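Here the structure is laid out as structure tokens; the discussion comes afterwards.
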Amino acid sequence: MLKQTTIKKGTFQHVESELYSFQDTQKEIVKIKNELLNDQSEQTVVKIMKHRMLEQMEHITDAIENVVGQLPQEKQKLIKLRYWTRPQLLTWDGVAIELDVGRATAIRWRDEIVIEIAKKIGWR
């Protein structure tokens, strides 16, 4: 079970935002890597900024992959249903029904997962 600690409300929302955009971020990482490798005309400053942005995006996606990869299957399914299914048609009640748990349990799992990702990233 994930250890419960508290994080700031804004951090919680930011982690959720990163979960929602996880697949888009992965695509952006590939795009930036390709640009860095293939574009010889860019100025060094632009390349450094892209490199820093790439490092940050990789740090976040690595943390998400690490935490989600260690979760039991039902909690991984929660992430897939709630954050990675597009278009998103399920409410928390719908996610809970799909998981065969109560709404409060699904939300508690979400809270634990988001907190664990924030800790892994180094956010508070």
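Details
- Loop-located trypsin sites (Lys or Arg not before Pro) in the range 1-89 whose Cβ has at most 16 other Cβ within 10 Å (DSSP): LYS3, LYS8
- If R0 is 22 Å, the Cβ-Cβ spacing of SER17 and LYS47 corresponds to a FRET efficiency of close to 0.25.
- Gap separating the Cα centres of the range 91-112 and the range 1-56, nearest whole Å: 28 Å
- Approximate shape of the chain as ellipsoid semi-axes (Cα gyration tensor, √5λ), whole Å, largest first: 32, 16, 11
- From the C-alpha gyration tensor of the range 62-122, square roots of 5λ in Å: 20, 12, 10
- Of the residues HIS59, ILE32, ILE48, the one whose Cα sits farthest toward the positive end of the charge dipole of the range 9-67, with +1 on the Cβ of Lys and Arg and -1 on the Cβ of Asp and Glu, is ILE48.
- Å² of accessible area per residue within the chain, as computed with a 1.4 Å probe and no ligands counted: 63 Å²
- Accessible surface of the range 1-101 [probe 1.4 Å, protein heavy atoms]: carbon and sulfur percent: 54 percent
- Scalar couplings 3J(HN,Hα) for the range 92-98, obtained by applying the Karplus form with A = 6.51, B = -1.76, C = 1.60 to θ = phi - 60°, are 4, 5, x, 4, 4, 5, 4 Hz; x denotes Gly and Pro.
- Put a dot 7 Å past the Cα of LYS27, heading toward its Cβ, do the same for TRP84, and the two dots end up 1.6 nm apart.
- The GluC sites (Glu not before Pro) found in the range 20-50 that occupy coil by DSSP, while having at most 16 further C-beta atoms within 10 Å, are GLU42.
- ARG108-LEU37 FRET efficiency (beta carbon distance; Förster radius 41 Å; 0.05 resolution): 0.40
- Degrees separating the helix 22-38 axis from the principal Cα axis of the chain, which is the longest one: 10 degrees
- Taking a straight line from the alpha carbon of LYS50, these aspartates and glutamates sit under 17 Å away, with near neighbours fewer than eight places off in the same chain left out: ASP24, GLU28, GLU35, ASP39, GLU42, GLU58.
- Multiplying the residue separation of GLU58 and LYS8 by 0.36 nm and subtracting their alpha-carbon distance yields 15.8 nm.
The values are calculated or read from the model by the stated rules, or taken from the named source; none is laboratory data. Everything quoted here is computed from the prediction, not taken from an experiment. Here the Cβ is made from the backbone with ideal geometry for all residues, glycine too, and neighbour counts use every protein chain on show. For the accessible areas, the whole protein counts, side chains as well, though only heavy atoms, and no ligand, DNA or RNA atoms are used. Shrake-Rupley method; radii C 1.70, N 1.55, O 1.52, S 1.80 Å.
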